[in-house]
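The values are calculated or read from the model by the stated rules, or taken from the named source; none is laboratory data. Remember, predicted model here, so these are calculated numbers, not experimental data. Backbone-built Cβ (ideal geometry, glycine too); neighbour counts: all protein chains shown. Ligands, DNA and RNA are stripped out before the accessible areas are found, and what is left, the full protein with its side chains, is counted by its heavy atoms. Shrake-Rupley method; radii C 1.70, N 1.55, O 1.52, S 1.80 Å.
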Amino acid sequence: MSDENIKYKQVIVMRKFPSLRTGKYIAQGCHASQIAMAEARINHRKWYDQYLMGHIVKIVVYVETLEELENIYKAAEKANLPCSWIVDAGFTEFKGEKTPTAVGIGPAPEELIDKITKHLPLF
């Protein structure tokens with residue numbers, strides 16, 4: 001497959017919480033996206049550049065548990081995809097507890113990300 005036929009995307013995986021404010025979800029997802037983008041810019045520059053020249057596809061999905069979030073992150077790392085692990089500091093929502101909230105994966109070829117996230121429901 002030639003480079004011009006490869007589709008790139010970024011997937012943000014959110015961990016669901018019973019009563020988290022919408023704004024907090026948005027902030028955590030933004031952190032996940034931004035940090036994964038920075039990692040891609042440094043370590044996967046071709047993917048980063050191709051993503052920014054294309055349609056900039058970003059998908060947000062969710063998991064229910066910390067274990068699921070950890071497994072997604074480990075799978076992305078193992079696949080050598082640009083990724084981020086986001087831990088909230090706990091200042092506003094989590095009663096002082098540092099709490100893992102999100103994972104960013106990509107930008108990367110969508111077929112590589114789909115192997116890890118395709119089964120997850122949209123957020």
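Among the residues of region 9-32, write down those that are assigned to a helix (DSSP H, G or I), among the aliphatic types (A, V, I, L, M) and touching a strand residue (DSSP E or B) at 6+ places or on another chain (Cβ under 8 Å). Passing the criteria: only A32. Taking region 90-123 as the range and being without any contact (Cβ under 8 Å) to a residue 12 or more places away in the chain, open to solvent by 20 Å² or more (accessible area, probe 1.4 Å) and touching a Gly at 6+ places or on another chain (Cβ under 9 Å) as the test, the residues that pass are G96, E97, K98. Based on what the data block shows, is R15 open to solvent by 20 Å² or more (accessible area, probe 1.4 Å) and in contact with a Leu (Cβ under 6 Å, 6 or more places away or on another chain)? So R15 fits the description; yes. How about region 22-51: which of its residues are open to solvent by 80 Å² or more (accessible area, probe 1.4 Å) and either more than 12 Å from the chain's Cα centre (by Cα) or farther than 17 Å from T99 by Cβ (or both)? Hits for region 22-51 are T22, I26, Q34, R41, I42, N43, R45, K46.
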